[in-house]
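Read through the structure below, which is laid out as structure tokens, and then see the notes.
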Amino acid sequence: ALSSAASDVYKRQNKCNSTQHFKSLSFTELKAIIPKLQQESSIGAKALLFGVLTATRTVEFTQAHWREISWREKVWLCPPSRRKDGKEFPFRVPLSQQVISLLKEIRKESKGEFIFSVDGKTPIRRETPRKFLRTALNQACTMHGMRSTFRDWCAENDIDNEATEKSLMHLSLIHISE
């Protein structure tokens, strides 16, 4: 029989691993829209680009605060309150030079504590990046589909499965012996 702790892990995995497929782009298609995103000045476009470059969920990045960014360590600390996996510590998202540059650009125009905000007082809506994808870029994919594109790229380039899953904040497979 499984211990209580092991049972809790399986329950969390079931919550996080429900299968639902989202429309995604191929890596080639994604590469083609990145220059367009980089030319856009709207906060929706910048949020979309941030989401693509960090492979994070909209619920995680659309509510991001400046205080969550560690410029020295080049990492974003997504708080436990926005973690889908239920862990009680921040998720560390490494920030590439492209993301650091994007954040510095946003910071120049920033009016408050939220990274992605129009008025500085409230974050953009979770739907904003997806709406930008559909309207401005004429793409019928979803933001979650962008994470699928990342996953596909990792598989095609023989990136370690464990590292890929951790990058996506997915629970790792845990082998529990009786």
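Within region 95-111, which residues are in contact (Cβ under 8 Å) with a residue 40 or more places away in the chain, closer than 21 Å to residue 164 by Cα and open to solvent by 30 Å² or more (accessible area, probe 1.4 Å)? Within region 95-111, 96, 98 meet the criteria. Of the residues in region 137-178, how many are part of a loop (DSSP other than H, G, I, E, B), touching a Leu at 6+ places or on another chain (Cβ under 9 Å) and modelled with pLDDT of 80 or more? So the count comes out to 5. Restricted to region 26-70, and to residues there that are among the small types (Gly, Ala, Ser), open to solvent by 40 Å² or more (accessible area, probe 1.4 Å) and touching a residue at least 12 places away in the same chain (Cβ under 8 Å), the residue that is nearest to residue 81 (Cα to Cα) is 42. Where residues in region 143-173 are hydrophobic (A, V, I, L, M, F, W, C) and touching a residue at least 24 places away in the same chain (Cβ under 8 Å), which of them is farthest from residue 51 (Cα to Cα)? Ranking the candidates gives 171 first.
Looking only at residues of region 131-142 that are in contact (Cβ under 8 Å) with a residue 60 or more places away in the chain and over 11 Å from residue 25 (Cβ atoms), we find that the one that is least open to solvent (accessible area, probe 1.4 Å) is 132.
Scanning region 71-94 for residues that are open to solvent by less than 30 Å² (accessible area, probe 1.4 Å), under 17 Å from residue 50 (Cβ atoms) and touching a strand residue (DSSP E or B) at 6+ places or on another chain (Cβ under 6 Å) returns 75, 76, 78, 91, 93. Residue 117 meets the conditions (1) of a type in the set (Gly, Ala, Ser); (2) touching a strand residue (DSSP E or B) at 6+ places or on another chain (Cβ under 9 Å); (3) open to solvent by less than 40 Å² (accessible area, probe 1.4 Å) in every case but one. The failed one is (2).
The values are calculated or read from the model by the stated rules, or taken from the named source; none is laboratory data. Predicted, not measured: the structure shown is a model, and the values here were computed from it. FYI the Cβ positions are ideal-geometry reconstructions off the backbone, even for glycines, and counts take in every protein chain you see. Accessible surface areas use protein heavy atoms only, side chains included; no ligands, DNA or RNA. Shrake-Rupley method; radii C 1.70, N 1.55, O 1.52, S 1.80 Å.
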